[in-house]
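Visitor: Okay, handing you the structure first.
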Amino acid sequence: MADTEAQGRIETVGGDFFRDPQVYYRRWRARGPVLQVQFSEGMPQWVVIGYAEGRAVLADPRLHKSMTGIIEVMRKKDPAIQQDSQATALSAHMLNADPPDHTRLRKMVNKAFTTRRVAALRPRIEEIAADLLDQMAERDEVDLLEAFAIPLPVTVICELLGVPFADREDFQRWTKVMVGVGSDLAERTRCTAEMSEYLAALVQTKRTDPGDDLLSGLTQTRADGDQLTEQELIAMAFLLLIAGHETTVNLIANGAYALLRNKSQFDALREDPAGVPAAVEEFLRFGSPVDWATVRYTTEPILVGDTEIPADEFVYVALAAANRDPARYHDPENLDLTGDSAGHLAFGHGIHFCVGAPLARVEAEIAFTALLQRFPELSLAPRSDPLRWQPSLLIRGLVELPVLLRQT
């Protein structure tokens, strides 16, 4: 039977949400695995916080992701909503697509992220990590984000896609504004326009002067005659560039932060580097770098658990909540590098499972292995104020992570 009582109640979200969303998730669990929430600005939306329910929703073809459908539902809810055409165009990528469009678009990039292809990148990733650690070694204290967690995956994705590394500050700045909550509308519009123009010029360069990189390859006609349109190329470049580094940045930083707050597990992992792959899976479960999966919408009433979600509703899966569901994981609020993290949803589930997951895992394994070996006395730098987190529903990431590299 549908939980009609739950449908009539909407949880409000305060400004402290981004400081620690788990505080909200723990309270919401008393309501059940599916509920409606509303931020101070914005319309109510359905959020799934249960593991079993979230996993089911992520793979349910009755929940759709096409950008055209998203816009239609938004206009039904508020006809006065004005869409930024450039933002809509950038968002029209495979993550916001349903079959058969999604199937076709994903097929274009699958080969670039196979386990075998990613394994071939390992020596270069190890070289990049070693160079960054060499630079860090010249100092006693660094911001681990700026010195290591950001430049490692950014360098890798720039080289893989064929994006000039010198442009990294621009696209990182654009990213922070575009995935953030509460960004100034004028600033968001400006960043969207700048990134659209940048990617359009980059795609044109790849067409006229292709190199040995993924974006150049995507501009070419495939053996079966298929080819991405200009707009599909720009949207694909946007997705691969942003998702290709932002998730891994926060996997490394969030994992390091959790590890540095658990000295006994830090010591155990340092003494047993063979445990790093399993530790990375626990970092993904415990500190999911993606908090809420990108939006889905209903076209018909759908029962999720015992709750009926009506047609024309937006639905989110809170991956970070599902990964700490006590119905799925034992003692989920504590980091346990030797515990059961199997089946976590940090990379999603179903046809939209993160195509770059093999690359993110290899980068994180190399990062933690090298970091612990090079700086066995690594610790959090003392500070009087709490660390700040990005105000984003999509990305769960720190703004800074000051660390001491050695004991003084």
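The values are calculated or read from the model by the stated rules, or taken from the named source; none is laboratory data. Note that the coordinates shown come from a computational prediction; the quantities given were computed from them, not determined experimentally. Here Cβ is always computed from backbone atoms with ideal geometry, including for glycine, and neighbour counts include all displayed protein chains.
Visitor: Could you list, in sequence order, the residues of segment 118-127 that are closer than 29 Å to residue 95 by Cα and in contact (Cβ under 8 Å) with a residue 24 or more places away in the chain? Step through it out loud before you land on a result.
Guide: Applying the first criterion (closer than 29 Å to residue 95 by Cα) to segment 118-127 yields 118-122, 124-125.
Across segment 118-127, the qualifying residues are 118, 119, 121, 122, 124, 125.
Okay, residues lined up against (1) buried (at least 17 other Cβ atoms within 10 Å of the Cβ); (2) modelled with pLDDT of 90 or more:
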residue: 155; (1), (2): yes, yes
residue: 159; (1), (2): no, yes
residue: 162; (1), (2): yes, yes
residue: 170; (1), (2): no, no
residue: 176; (1), (2): yes, no
residue: 181; (1), (2): no, no
residue: 209; (1), (2): no, yes
residue: 214; (1), (2): yes, yes
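Visitor: On the given criteria, is residue 386 out of contact with any strand residue (DSSP E or B) (no Cβ under 9 Å at 6 or more places or on another chain), farther than 29 Å from residue 156 by Cβ and touching a residue at least 24 places away in the same chain (Cβ under 8 Å)?
Guide: Considered against the rule, which asks whether it is out of contact with any strand residue (DSSP E or B) (no Cβ under 9 Å at 6 or more places or on another chain), farther than 29 Å from residue 156 by Cβ and touching a residue at least 24 places away in the same chain (Cβ under 8 Å), residue 386 comes out as yes.
Visitor: Out of everything in segment 225-252 that is under 18 Å from residue 179 (Cα atoms) and either at pLDDT 95 or above or touching a Pro at 6+ places or on another chain (Cβ under 9 Å) (or both), what residue ends up being surrounded by the fewest Cβ atoms within 10 Å (Cβ to Cβ)?
Guide: 244
Visitor: Right, another one. Before we move on, is residue 311 closer than 21 Å to residue 37 by Cα and under 22 Å from the mean Cα position of the chain (by Cα)?
Guide: Criteria not met by residue 311.
Visitor: Take the residues in segment 383-408 that are more than 30 Å from residue 41 (Cα to Cα) and modelled with pLDDT under 95, then tell me which one is surrounded by the fewest Cβ atoms within 10 Å (Cβ to Cβ).
Guide: Taking segment 383-408 first, the residues more than 30 Å from residue 41 (Cα to Cα) are 383-384, 402-408.
Next cut, modelled with pLDDT under 95 only: 383-384, 406-408.
Numbers: 383: 9, 384: 4, 406: 13, 407: 9, 408: 7.
That would be 384.
Visitor: Still on this structure, I have one more. Could you identify the single residue in 139, 124 that is more than 19 Å from the chain's Cα centre (by Cα), closer than 17 Å to residue 365 by Cα and surrounded by fewer than 17 Cβ atoms within 10 Å (Cβ to Cβ)?
Guide: After ruling out the rest, the residue left standing is 124.
Visitor: Shifting gears a bit: Applying the selection to segment 8-25, what residues are free of Cβ contacts under 8 Å to residues at least 40 places away in the same chain, surrounded by 15 or more Cβ atoms within 10 Å (Cβ to Cβ) and among the hydrophobic types (A, V, I, L, M, F, W, C)?
Guide: 13, 17
Visitor: Let me confirm something: among 46, 28, which residue is over 15 Å from residue 315 (Cα atoms), touching a residue at least 60 places away in the same chain (Cβ under 8 Å) and of a type outside the set (Asp, Glu)?
Guide: Just a single option satisfies the conditions, and that option is 28.
Visitor: Which residues, counting only those in segment 343-353, are on the phi < 0 side of the Ramachandran plot and not in a loop (DSSP other than H, G, I, E, B)?
Guide: 351, 352
Visitor: Follow-up. Name the single residue that is farthest from residue 346 (Cα to Cα) among those in segment 43-57 being buried (at least 23 other Cβ atoms within 10 Å of the Cβ) and in contact with a strand residue (DSSP E or B) (Cβ under 6 Å, 6 or more places away or on another chain).
Guide: 46
Visitor: Regarding residue 119, is this residue among the aliphatic types (A, V, I, L, M) and in contact with a Pro (Cβ under 9 Å, 6 or more places away or on another chain)?
Guide: yes
Visitor: It is to be established whether one or more residues within segment 331-342 are buried (at least 22 other Cβ atoms within 10 Å of the Cβ) and assigned to a helix (DSSP H, G or I).
Guide: The answer is no, given that none of the residues of segment 331-342 is buried (at least 22 other Cβ atoms within 10 Å of the Cβ) and assigned to a helix (DSSP H, G or I).
Visitor: Turning to a different aspect of this structure: What are the residue pairs meeting all of these: first residue in segment 191-204, first residue of a type in the set (A, V, I, L, M, F, W, C), second residue not in a helix (DSSP H, G or I), Cβ atoms under 7 Å, and 6 or more apart or on different chains?
Guide: If the second residue must be not in a helix (DSSP H, G or I), the pairs left are 202/163.
Visitor: Of everything in segment 354-382 that's touching a residue at least 24 places away in the same chain (Cβ under 8 Å) and part of a loop (DSSP other than H, G, I, E, B), which residue is surrounded by the fewest Cβ atoms within 10 Å (Cβ to Cβ)?
Guide: 377
Visitor: Here's another thing I want to ask about it. What number of residues within segment 380-403 are in contact with a helix residue (DSSP H, G or I) (Cβ under 6 Å, 6 or more places away or on another chain) and more than 28 Å from residue 243 (Cα to Cα)?
Guide: So the count comes out to 0.
Visitor: Continuing with the same structure: Give me the pairs: first residue in segment 260-285 and in contact (Cβ under 8 Å) with a residue 12 or more places away in the chain, second residue assigned to a helix (DSSP H, G or I) and of a type in the set (Ser, Thr, Tyr), beta-carbon distance under 9 Å, and six or more apart or on different chains, which are they?
Guide: Within 9 Å, the pairs are 273/369; 276/369.
Visitor: As an exercise: evaluate residue 274 against (1) of a type outside the set (D, E, K, R); (2) more than 19 Å from residue 26 (Cβ to Cβ); (3) crowded, with 17+ Cβ neighbours inside 10 Å and give the number of the one condition it does not meet.
Guide: Answer for residue 274: the failing condition is (3).
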